[in-house]
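Novice: Below is one structure. I have some questions about it.
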Ligand SMILES: C[S@@+](CC[C@H](N)C(=O)[O-])C[C@H]1O[C@@H](n2cnc3c(N)ncnc32)[C@H](O)[C@@H]1O
C-alpha cells in the first residue's frame, strides 16, 4: 500500500512519482519542492505553528511524547526533527543520562530551532544529524525510541521512512508518529477545510510572504493516509501493538508501535 495514495511506483527510482500537495510530480522534484518549502517557512516556523494551531501543537506534542513512556537514560531519534520541539520535550523527561538526536534534511529548519536548544540546560543532551529520513545514517538497533512529528507526510516515500525507523530501533523500542489528519465530525471538517484553504494561506502571505507555502500544508494533509490505513502500513512493516489516538477530533493523530 502507498501512503501517498496515488503515488506510482514505476520501474526505477527516477520514474517514481509522488504528490506535492495536489500536484503529482517526480520523486526528485518533490524532494526539491519540500526543501524549498521549509527554506521559506523556517525562520517563522515555530511562530506560525503556534499561530495557525492557536497553540494546540504544544498540547499535541506534549501528549505524544508522554505516550512514548520514555525512561531516564534512553537514546531517542527525532526524525524530521526540524526546530527540535519534540527533542526538547523528550530530553526533559530522560534526565542527564538520556540523549536525543534531531535528524533533519533541512539546515535552515534546524538552525531556526538552535537558539531554543542552545538557551536550554538540555542542550548537551541534544545532538544533530543533517540527512534524509529515507536513508538514516544510523546503525541498526541503535535507538531505544524513535519519533517523527508532522514530518512523515513530507517524505517522498513515507513507508521507507517508517522502515528506516524500524531498522534503527532496538527490539522492544517504541516508534511514535504525530501527524495531521482529517477531523471526524462532518461540520467540524467543513469548518476546518474553510480555515485551512482560505484563512491559512492569507496568514501565510502576511507572515512569511508566501500563501503557496500554506496551501501545500492543507493539500498534503488531505492527500495523506487516514489512521486505519497508516496503522495497517505500520503493522505490515513489522511493528506490533500498533495503536492510534485522535486529538482535537482528528486534526492530529498520535500513532504508536513497538519493534518486536
Ligand atoms: C513540518 S516540519 C516538523 C518539524 C518538527 N518535527 C515539529 O514537529 O515541529 C517537517 C520537517 O521534516 C523535514 N523533512 C522533510 N523531508 C525530509 C527528509 N526527506 N528527511 C529528513 N527530514 C525531512 C523538514 O525539513 C522539516 O524540518
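Novice: Looking at 104, 132, which one is under 25 Å from residue 234 (Cα atoms), near the ligand (Cβ under 9 Å from one of its atoms) and touching a helix residue (DSSP H, G or I) at 6+ places or on another chain (Cβ under 7 Å)?
Specialist: So the residue among 104, 132 that is under 25 Å from residue 234 (Cα atoms), near the ligand (Cβ under 9 Å from one of its atoms) and touching a helix residue (DSSP H, G or I) at 6+ places or on another chain (Cβ under 7 Å) is 104.
Novice: If you take the residues in segment 163-191 that are in a helix (DSSP H, G or I) and under 14 Å from residue 148 (Cα atoms), which one is nearest to the chain's Cα centre (by Cα)? Explain how you work it out, then say what you get.
Specialist: Filtering segment 163-191 for residues in a helix (DSSP H, G or I) gives 163-168, 186-191.
Now narrow it down to the ones that are under 14 Å from residue 148 (Cα atoms): 163-166, 168.
Values: 163: 15, 164: 14, 165: 12, 166: 15, 168: 17 Å.
Among those residues, the one meeting the criterion is 165.
Novice: Residues in segment 127-168 that are touching a residue at least 40 places away in the same chain (Cβ under 8 Å) and on the phi > 0 side of the Ramachandran plot: how many?
Specialist: Counting residues in segment 127-168 that are touching a residue at least 40 places away in the same chain (Cβ under 8 Å) and on the phi > 0 side of the Ramachandran plot gives 1.
Novice: Need at least 2 residues that are away from the ligand (no atom under 11 Å from the Cβ) and crowded, with 19+ Cβ neighbours inside 10 Å per element, so show me which strands (runs of 3 or more DSSP E) inside segment 17-99 make the cut, counting only ones lying wholly within it.
Specialist: Per the criteria, 17-20, 75-79.
We did not get these values from a lab; they are worked out from the coordinates using the rules stated. Everything numeric in this text was worked out from a predicted model, so none of it was measured. Every residue, glycine as well, gets a Cβ built from its backbone with ideal geometry; the counts of neighbours run over all protein chains shown.
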